[in-house]
Amino acid sequence: MLSSTKHLRAILLGLVSLLFGLFLAAFLISVLFVLSKFEGTAHGEIPKGENACALVFGSAIKKTGEPGPAIVRRVAAAVDLYEEGNVGTLIMSGGRGKGISMSEAAVMGSVARDAGVEAGDIVLEEKATSTLENIKFAQGAIRSQCTFVLGVSDRYHLARIELLAWRLDVPLRTYSAGGPENPLLEMKDIVREAMAIVYYLPFLIWSF
């Protein structure tokens, strides 16, 4: 009986070790993938045209309704694309956080208008609460208005956007809005993104 118990414990320990090893390998590969997508699409690869769109991914806003630093970066990058003639429509995607009266999309739209973007060139998607939903809920606007789409977000976020867009069969390229000035803060974001990719792995491979 004692021998059987030891044998069972050895098997369980082996399984736990195997699962931990697989998780660690998946996490490290995800970190490298996140880092490999930092640059996004280069300006020279963007076809100019009125039917090109930027899908701007939402981020946290302050309790006062003011944009957080990530929103400021992302909208600024999208506005630059708009002013340079690379995109003609900005799709702002992001819902309402707990205790916040305005949606992330509405705040981003306001920032873009203040920067000179025509109100008619801004589309608001105000239901999304995750990156997956950002892409899923923006599909209608993308398919009806866009021949080319750039997903605009912080550089640490681009890898997950590409993977989820591929899984949802949404033709999307990514464009980097830069990242936090604090390297420790960005390192935390990279770890979070790698964990999110590992979390989404079952969804990403489900169809195979």
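Just to be sure before I move on: is PRO202 in a loop (DSSP other than H, G, I, E, B) and either in contact with a Phe, Trp or Tyr (Cβ under 9 Å, 6 or more places away or on another chain) or modelled with pLDDT under 95 (or both) in the structure I sent? No: the conditions fail for PRO202.
The residues of the stretch 9-33 that are of a type outside the set (Ser, Thr, Tyr) and within 25 Å of the chain's Cα centre (by Cα), listed by number, are LEU22, PHE23, LEU24, ALA25, ALA26, PHE27, LEU28, ILE29, VAL31, LEU32, PHE33.
Only residues that are over 20 Å from ILE71 (Cβ atoms), surrounded by fewer than 18 Cβ atoms within 10 Å (Cβ to Cβ) and touching a strand residue (DSSP E or B) at 6+ places or on another chain (Cβ under 8 Å) were counted across the stretch 108-147, and they come to 2.
The values are calculated or read from the model by the stated rules, or taken from the named source; none is laboratory data. Just so it is clear, the model here is predicted, and its values are computed rather than measured. Note that we place each Cβ from the backbone using ideal geometry, even for glycine, and neighbour counts take in every protein chain shown.
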